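Have a look at the structure below before the remarks.
The values are calculated or read from the model by the stated rules, or taken from the named source; none is laboratory data. If you're wondering where the values come from, they're calculated on a predicted model, not measured in any experiment. So basically every Cβ, Gly included, is an ideal-geometry build from the backbone, and we count neighbours across all protein chains shown. Note: accessible area is taken over every heavy atom of the protein model, side chains too, but ligands, DNA and RNA are not part of it. Shrake-Rupley method; radii C 1.70, N 1.55, O 1.52, S 1.80 Å.
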Amino acid sequence: MDASAAAGHSSLPTRILLGMLLGATAGVVLNGLYAPPLGEPASAAWTNVLWFADTVANPIGQLFLRLLFMVVVPVVFCSLFLGVAGLGSVQRLGSLGGRTLAWFLTTTAGAVGLALLLVGIIQPGKQISAEGLARVQAQYLGDAQARIAQGAQSKSMMDMLVEIVPKNVVAAAADNGQVLGLICFALLLGAASTRLPQERTKTLRDVLETIYELCVKVLGWAMQLAPFGVAGLIFTASSKLGFDVMKLVAWYLATAMGGLLLWQFVVITVLAKVFAGLSPRRFYSGCRTLLVTAFSTSSSNATLPTTIRTAVEEFGVPREIAGFVMPLGATMNMNGTALFEGVSVLFLAQVAGVELGLQQQLIVLAMAVVTAIGAAGVPGGSLPLLAIVLVQVGVPAEMMALILGVDRLVDMTRTVPNVTSDLVCSLWLARRDGVKLRD
Ligand code: ASP
């Protein structure tokens, strides 16, 4: 069987992985063979490699990136509006709704906290020689360096709070650096909609729901392009920057995966013990299928039926509780996604040379929580939203190219705590209700 036929039969994650390996290997090898030593003239072969990177590989990668960026504004607006508008009914559910939200917010914020801590300790974006870093920056930042310097002029906390409220929401949506204004508008409008009778807002909610679903479809198409996009981006990076850049990506991958595994196998396990009274052995024997499904589909939405079934059939959670917590959790509660966003933003800021003080790290925390709530529970659902957190702290969104090559693996891993956190939340609520969980 030839290679393309084999690829045709393989699953998307395998093809993305293949794209990544091919792009990275070709890039590193060509760089090693033909890149001229500093200051020496380029050979004809090296000129050809650069030509291929700039005119073929990079544009394919950029196409993939731009498809992700394209859906940012509608996804942010629709998901946050609908999320808050839906809370009208959560309020009516009383303490169950309140506890669920409290669980979602605290665990998500905790996950970002762990991310900030890990990146602060490991410093994955600085594990490269000064000369290597300068080359990576020159490749990715270009004219953005001036913008970064400008962003570094620190604003007071008060100024930043005031600027969250946009003077003009259309201008805020059109300006990459102002997405916080759009988020503020969507949240306020959503809150306002809970003050109107449900029938008055039904049509609008239906329309926004449809727009949101359409964007998720487009995102799905973009992900089909991912094997090529990823190959293009990683080839461009590795051919121009050589092995150095791969080392940097490996540090990122180790930090992100380490954080996610820590969150899943230490924090979630402890939460299951403390809040649901389940031993690690019992907890994991009950959710084996759930772990495999989340990991292999990379989608909280696709895993939803399994999450509900696991809670109800494996642990004895009442159907009403599972039916309430899980659908809400699949769209709103994403511990793994928030952790990934935290690691990615701080890592890319380190690479870009953007110093994030405490104040700005708190902004990353808040934005990672909000955008994890806004992310769609589909493969790559959080990528468009990661872009806006980056821009907010002064890191050019194009720098995502550096981590996209390995994102599928991180996506599969982050989806696991995304769903197990929902599961533990439902176990806790059931136990509080006096239900004896199956052990
Ligand atoms: N794939 C994740 C999920 O479905 C979302 C993301 O972080 O991209 O839960």
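Cα centroids of the range 19-62 and the range 363-439: 34 Å apart. Of the accessible area of the chain, computed with a 1.4 Å probe over protein heavy atoms only, carbon and sulfur atoms account for 66 percent. With viscosity 1.567 mPa s and temperature 4 °C, the Kirkwood radius over alpha carbon pairs of the range 261-343 converts through Stokes-Einstein to a diffusion coefficient of 97 µm²/s.
What percent does the relative contact order of the chain come to when contacts are Cα pairs within less than 8 Å and at least six residues apart? With pairs under 8 Å counted, the relative contact order is 30 percent.
Rolling a 1.4 Å sphere over the protein heavy atoms, what is the accessible area per residue of the range 348-439, to the nearest Å²? In whole numbers, the range 348-439 has 27 Å² accessible per residue. Peptides 379-388, 258-267 ranked from most to least packed by the mean count of surrounding Cβ atoms within 10 Å: 379-388, 258-267. Cα gyration tensor of the range 180-227, axes a ≥ b ≥ c as square roots of the eigenvalues: rounded (a/c below 1.5), prolate (a/b > b/c) or oblate? Here the range 180-227 falls in the oblate category.
In the chain, the longest principal axis of the Cα atoms and the axis of helix 243-262 are about 10 degrees apart.
Only Cα sites of the range 52-125 enter the Debye sum here, all with the same form factor; the resulting log10 I(q)/I(0) across q = 0.14, 0.16, 0.22 1/Å is -0.81, -0.89, -0.97, listed in q order.
Between the residues Val354, Asn335, Cys287, the greatest Cα displacement towards the positive end of the dipole of the range 257-383, with unit charges on the Cβ of Lys, Arg, Asp and Glu, is found for Cys287.
Estimated at the nearest 10 Å², the accessible area of Ile122 is 50 Å² with a 1.4 Å probe. With protein chains left intact and a 1.4 Å probe, residues in the range 161-252 average 54 Å² of accessible area per residue. Taking the three principal axes of the alpha carbon atoms in the range 286-439, the coordinate ranges are 52, 30, 21 Å, sorted in descending order.
Think of the chain as having a plus end and a minus end, set by charges on the Cβ of Lys, Arg, Asp and Glu; of Val162, Ile211, Gln264, Gln264 sits farthest toward the positive end of this dipole. As a ratio to 2.2 N^0.38 Å, the alpha-carbon radius of gyration for the range 185-317 is 1.51. Helical runs assigned H by DSSP (4 residues or longer) give the chain a calculated mean residue ellipticity at 222 nm of -25000 deg cm²/dmol, each run adding -39500 (n - 2.57) before division by the residue total.
Largest mean-square fluctuation among Ala186, Ala42, Ala173, in a Gaussian network model of the chain whose springs join Cα atoms under 10 Å apart, belongs to Ala42. Principal semi-axes of the equivalent ellipsoid, √(5λ) from the alpha carbon gyration tensor of the chain, are 38, 26, 20 Å from largest down.
Accessible surface ranking for Arg135, Arg414, Arg432, Arg200, 1.4 angstrom probe, highest first: Arg200, Arg432, Arg135, Arg414. Calculated accessible area for the range 280-341 comes out at 36 Å² per residue, all protein chains present (probe 1.4 Å; ligands, DNA, RNA ignored).
In this rough spin-label picture, where each label sits 7 Å from Cα along the Cβ direction, the Ala109-Gln139 distance is 3.9 nm.
Translational diffusion coefficient of the range 186-255 (Stokes-Einstein, Kirkwood radius from Cα pairs, 10 °C, 1.306 mPa s): 99 µm²/s. Relative to the longest principal axis of the Cα atoms of the chain, helix 179-193 runs at roughly 20 degrees.
Just to verify a number: FRET efficiency for Thr25 and Ala130, C-beta to C-beta distance, R0 = 30 Å, to 0.05? The value I calculate is 0.70.
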